[in-house]
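Note sheet for the following structure.
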Amino acid sequence: MESHIKDSRLWESGELKLSWVRARMPLLEGIQKDFEKTQPFKGLKVALSVHLEAKTARLCEVMAAGGATMYITGSNPLSTQDDVAAALVHQGLNVFAVHGCSEQEYFADIRKVLEVGPDLIIDDGGDLVTTLHREFPQLVPGVIGGCEETTTGILRLKAMDAAGELRFPMMLVNDADCKHLFDNRYGTGQSVWDGINRTTNLIVAGKNVVVAGYGWCGKGVAMRAKGLGAEVIVTEVDPVKALEAVMDGFKVMPMLEAAPLGDFFVTVTGCEDVIGPEAFLLMKDGAICCNAGHFDVEVAVAKLRSMAVSHRPARHNIEAYTLENGRTVNVIAEGRLVNLAAGDGHPAEIMDMSFAIQALSARYLAENRGRLTTLLNPVPREIDREVALRELTHWGVTIDTLTPEQKKYIYG
């Protein structure tokens, strides 16, 4: 066993968190029982880079129960929970992740989990896959395939594929219905506001909330802001999504028009410089900015720092930047993922579905080794249906089924 963690003595606190989510992730509990019997990953090394908190640790337990030797790291320096990392090491898993590490340390840990020559990859944002291709090309032929958790990661995979750089099949987990319809919308919607509210201790009702991006994550953030009593403004570059936001009852305008109006700003786009210097100068004194996209580039914090006449901690995990016009702009969690860098991430029940998709997609890769002819693979519909039916069963919900006559009428 190898590890690079902050303090192994923190394991009891991490185990307490794990115990809480174990009791609230019934899908993974059922899948673990299946995996213990079938051992789909026996003899396989799995490299995993996902936000390292309790729900992710539960996925690691399930994969290990299926025979996998796990090599685990985080996917964001501020989302790693050191006590959870310690709990996994206490179980005998290999963990390389420390909260608040530098970028150099973060990528050193990424390299540690890749140096072992993984058979399967579970990625969140694409750092594992891109680093493997660029720095460990000799290990690429041994990889069966991988699973990608996020919109941002899938965009990177598509760019690699278009450039002819991707060398092994990837499952597009984020595109599965039981992932993006629930995780991205309801999970992000709730956890973003959990992070904002616990960090700011301010009321949302009566405020203007600007949501940049109206994909599934943006829909969730806007929906929850409205539920908290805010007036919601959406900014978009996609006319179809903008039209959808209008019909959902939200105001839509360019960022520079929204900037003077907003009290809270949340970016959820996957792009860079969504809020930049021009917008900062137009903001109200005391405006609060945060990011719910994967990388810390959507709120242009580096540019804000360079244009500020001063900056200081305003509250734990909030930095206040004073501009030349005398106004102050506040940024939560350095512009990193607000729901994880300033909170505990998505609710356990939501991640139960998402990680069920991950676990079953990884099993699909292992079972179909060498048989996948495409590099970018949608999650099979059967996996989506299996997860949905497992969840409905847990809720005590039954649904209709087609009769043979109805099947013949629809399908011929």
Query raised in the report: Which one is nearest to Ala292 (Cα to Cα), of the residues in segment 136-148 that are open to solvent by less than 60 Å² (accessible area, probe 1.4 Å) and not β-branched (Val, Ile, Thr)?
Result: Glu148
Query raised in the report: Any idea which residue in segment 350-377 is nearest to Gly164 (Cα to Cα), counting only those that are open to solvent by 40 Å² or more (accessible area, probe 1.4 Å) and hydroxyl-bearing (Ser, Thr, Tyr)?
Result: Thr374
Query raised in the report: Does segment 200-207 contain any residue that is polar (S, T, N, Q) and modelled with pLDDT under 95?
Result: no
Query raised in the report: Got at least one residue in segment 54-76 being in contact with a Ser or Thr (Cβ under 7 Å, 6 or more places away or on another chain) and either over 18 Å from Leu340 (Cα atoms) or acidic (Asp, Glu) (or both)?
Result: no
Query raised in the report: Looking at segment 26-42, is at least one residue at pLDDT 95 or above, within 19 Å of Ile5 (Cβ to Cβ) and among the aliphatic types (A, V, I, L, M)?
Result: no
Requested in this report: Give Gly326, Gly345 a once-over and let me know the one that is in contact with an Asp or Glu (Cβ under 7 Å, 6 or more places away or on another chain) and on the phi > 0 side of the Ramachandran plot.
Outcome: Gly345
Report summary line: Only one of His90, His133, His99 is open to solvent by 20 Å² or more (accessible area, probe 1.4 Å) and under 19 Å from the mean Cα position of the chain (by Cα), namely His99
Query raised in the report: Looking at segment 138-244, what strands (runs of 3 or more DSSP E) fall wholly within it and have at least 1 residues that are on the phi > 0 side of the Ramachandran plot and not charged (D, E, K, R)?
Result: 145-148
Query raised in the report: Hey, among the residues in segment 289-320 that are in contact (Cβ under 8 Å) with a residue 40 or more places away in the chain and over 30 Å from Ile154 (Cβ atoms), which one's surrounded by the fewest Cβ atoms within 10 Å (Cβ to Cβ)?
Result: His316
Report task. For segment 16-70, name all the residues that are touching a strand residue (DSSP E or B) at 6+ places or on another chain (Cβ under 9 Å) and of a type in the set (Ser, Thr, Tyr). Result -> Ser49, Thr56, Thr69
Query - Residue check, Leu52 closer than 18 Å to Gln358 by Cβ and aliphatic (A, V, I, L, M) - result: yes
Query - Verdict on Leu78 being farther than 19 Å from Ser354 by Cα, of a type in the set (A, V, I, L, M, F, W, C) and either at pLDDT below 95 or open to solvent by 20 Å² or more (accessible area, probe 1.4 Å) (or both) - result: yes
Report task. Output the number of the condition that Thr151 fails; it satisfies all remaining conditions of (1) over 24 Å from Arg390 (Cα atoms); (2) surrounded by fewer than 20 Cβ atoms within 10 Å (Cβ to Cβ); (3) not small (Gly, Ala, Ser). Result -> (2)
Query raised in the report: Of all residues in segment 1-23 being among the charged types (D, E, K, R) and surrounded by fewer than 17 Cβ atoms within 10 Å (Cβ to Cβ), which is nearest to Gly92 (Cα to Cα)?
Result: Glu2
Query raised in the report: Of these, Gly249, Gly227, which one is over 26 Å from Tyr321 (Cβ atoms), without any contact (Cβ under 8 Å) to a residue 12 or more places away in the chain and not polar (S, T, N, Q)?
Result: Gly227
**Report entry** Residue in segment 164-214 that is surrounded by the fewest Cβ atoms within 10 Å (Cβ to Cβ), counting only those that are in contact (Cβ under 8 Å) with a residue 60 or more places away in the chain and under 21 Å from Lys251 (Cβ atoms)
**Finding:** Val204
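The values are calculated or read from the model by the stated rules, or taken from the named source; none is laboratory data. Note that the structure is a prediction, hence the values are computed from the model and not measured. Neighbour counts run over all protein chains shown; Cβ positions are idealised from the backbone, glycine included. These area figures cover heavy atoms from the full protein model, side chains too; ligands, DNA and RNA do not enter into them. Shrake-Rupley method; radii C 1.70, N 1.55, O 1.52, S 1.80 Å.
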